[in-house]
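Q: This is the structure I want to talk about, given as structure tokens.
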Amino acid sequence: MDDKQMLMIPGPTPVPERVLQAIGKHPIGHRSGEFSTVMGEVTEGLKWLHQTQNDVLVLTTSGTGAMEAGIINFLSPGDRVLAGCNGKFGDRWAEVCDAYGLQTERITAEWGKPLDPEVFREKLEADTEKTIKAVIITHSETSTAVINDLETINRYVKAHGEALIMVDAVTSLGATSVPMDEWQLDVVGSGSQKGYMIPPGLGFVAVGPKAWEAYKTAKLPRYYLDLGKYQKAAAKNSNPFTPPVNLIFGLRSALEMMKAEGLESIFARHDRHRKATRAAFKAMGLPLLAADDVASPAVTAVAPVGVEAEQIRSILKKRFDIALAGGQDHLKGKIFRVGHLGFVSDRDILTAIGAIEAALQELNYDGLTPGAGLQAAAQTLKG
């Protein structure tokens, strides 16, 4: 059936009808007073979502562009940085640092395992000369469905005194609490096609006062991604360059929906979906890549044994028009990932689980008790 695709991937995520209708309105001038009013409302909503009174800047870019901006605006060539690498995106931020001539030290963990905060503590405490200028952490590592202990790592960064904490919150913001002001986070980057419930095209960088101090002496090259330009424009409810006006309309609508639901309810919903999805796969006899205590609220990674991950994905796409994500790099073909991020309901979880059970039956998977996954998910969702 045409136009029936269901996205159960960690991005892009489903977009509410209300948001699509907002995006479909006629554009207006991005230098008009009317658009300035919209930007003012959006900025207020972004600060609410980030739990901050600091700047939250809107860029026409993806999450990768937001994170690159977050790195290059506050550092200088040759600066020493610690980059946490336990998946595709942690590796990417280290590569960005390498590209800009930073002295990048990778703190690694096996894919599917969390970063060890104690390794950061040891490195930071040993740096008595305060040469470490930044610590870069992926909060929710989308490639492996692991959430890293940002709160503890940040506490060690704060004890260091000099280093900035730079956070990839691309799939954690809007799924779990990222209290910028309470934790005194310096830089937080995210992207629109995740918890924000709008299509790709916008990146967000929240910047704290310590980072702005570093900005004054930072010497890495920047122009379009110069956050100082965005800060000045944001103070006037504007943008230094031409923004995607209609995506901003959609963002305003999505933020209104999120405010109506409430932060705590949003976080509770994502946690409920995480638990229900994991309970279902355990009941189906499918191994999970990440342990329960480090499982991301945004996505679940499954490492099936006795049945091929790509066969499951193929049947779901062809038979049920449901999109699941595959593995990346060395996990390609070895895992599949189920997104439960953003505009996802209990019904979506049950639909996806039911389709996966049907696929397993079609593949004659030995470990399946028909209906066990659905029963486990339904029981968990009931609370």
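Q: Once the Cα atoms of helix 117-126 and of the chain are each reduced to a long axis, what angle between those two axes, in degrees from 0 to 90 to the nearest 10, is obtained?
A: Approximately 20 degrees, to the nearest ten.
Q: Can you give the calculated 222 nm mean residue ellipticity of the chain, where each DSSP H run of n ≥ 4 adds -39,500 (n - 2.57) and the sum is split over every residue, rounded to the nearest 500 deg cm²/dmol?
A: -13500 deg cm²/dmol
Q: With springs connecting C-alpha atoms under 10 Å apart, model the chain as a Gaussian network and identify which of Ser32, Ser265, Ser76 has the largest mean-square fluctuation.
A: Ser32
Q: Using the count of nearby Cβ atoms within 10 Å as a rough guide to exposure, how do Val188, Val307 rank from fewest to most?
A: Placing the least packed residue first, the sequence is Val307, Val188.
Q: Can you tell me the relative contact order of segment 35-126? Whole percent, Cα pairs under 8 Å, sequence separation 6 or more.
A: Averaging sequence separation for qualifying contacts and normalising by length gives 20 percent for segment 35-126.
Q: Now, a different point. Over segment 262-382, calculate the relative contact order: mean separation of alpha carbon pairs under 8 Å at least 6 apart, over the residue count, as a percent.
A: 33 percent
Q: Once you keep just the Cα pairs under 8 angstrom separated by 6 or more residues, what percentage relative contact order results for the chain?
A: Once normalised by length, the contact order is 24 percent.
Q: Which far-off residues, 5 or more places away or on another chain, put their amide H under 5 Å from the one on Gln103, with H placed in the peptide plane?
A: Gly78, Asp79, Arg80, Val81
Q: Apply the a/c threshold of 1.5 to the C-alpha gyration tensor of segment 254-344 and tell me whether it is rounded, prolate or oblate.
A: In terms of gyration-tensor shape, prolate.
Q: Stokes-Einstein D for segment 17-260 at 37 °C, 0.692 mPa s, Kirkwood Rh over Cα pairs, in µm²/s?
A: Using the Kirkwood radius from Cα pairs, D works out to 181 µm²/s.
Q: Using amide H atoms built in the peptide plane, which far-off residues or other-chain residues are under 5 Å from Ala295 H to H?
A: Ile147
Q: For segment 17-260, give the share of DSSP beta bridges that are antiparallel, in percent and rounded to the nearest 5; count only bridges with both residues there.
A: About 40 percent, rounded to the nearest 5.
Q: Next question. Taking Cα centroids, how far is segment 156-188 from segment 63-134 in Å?
A: Between the Cα centres of segment 156-188 and segment 63-134 lies a distance of 13 Å.
Q: Report, in degrees rounded to the nearest 10, the 0 to 90 angle that the Cα long axis of helix 63-72 makes with the longest principal axis of the chain.
A: The helix 63-72 is inclined about 30 degrees to the chain.
Q: What do you get for the angle between helix 263-283 and the principal long axis of the chain? Use alpha-carbon atoms, 0 to 90 degrees, nearest ten.
A: On a 0 to 90 degree scale, this one is about 40.
Q: Starting at the first residue of segment 128-138, write each ³J(HN,Hα) from the Karplus equation 6.51 cos²θ - 1.76 cosθ + 1.60 with θ = phi - 60°, in whole Hz, x for Gly and Pro.
A: The phi angles translate into 5, 8, 6, 8, 6, 9, 7, 10, 10, 10, 8 Hz.
Q: Related question: Please check the chain for the longest run free of GluC sites (Glu not before Pro) that are loop-located per DSSP (anything but H, G, I, E, B) and have at most 12 other Cβ atoms within 10 Å.
A: The reported range is 130-383.
Q: Of all DSSP beta bridges in segment 73-149, what percent run antiparallel (nearest 5)?
A: 15 percent
Q: Here is a follow-up. Each residue of segment 150-157 in turn: what ³J(HN,Hα) in whole Hz from Karplus with 6.51, -1.76, 1.60 and θ = phi - 60°, glycine and Pro shown as x?
A: 4, 4, 5, 4, 4, 4, 6, 5
Q: Turning to a different aspect of this structure: List the residues, sorted by chain then number, that are 5 or more residues from Ser172 or on another chain and whose placed amide H is less than 5 Å from its amide H.
A: Amide H neighbours of Ser172, under 5 Å, 5+ apart: Ser140.
Q: For segment 100-105, just list the computed ³J(HN,Hα) in residue order, Karplus coefficients 6.51, -1.76 and 1.60, θ = phi - 60°, integers in Hz, with x standing in for Gly and Pro.
A: For segment 100-105, the Karplus curve yields 9, x, 7, 8, 9, 10 Hz.
Laboratory data are not the source of any read-out in this text; all were calculated from the coordinates shown. Computed from a prediction, not measured in an experiment: that's the story for all the values here. FYI the Cβ positions are ideal-geometry reconstructions off the backbone, even for glycines, and counts take in every protein chain you see.
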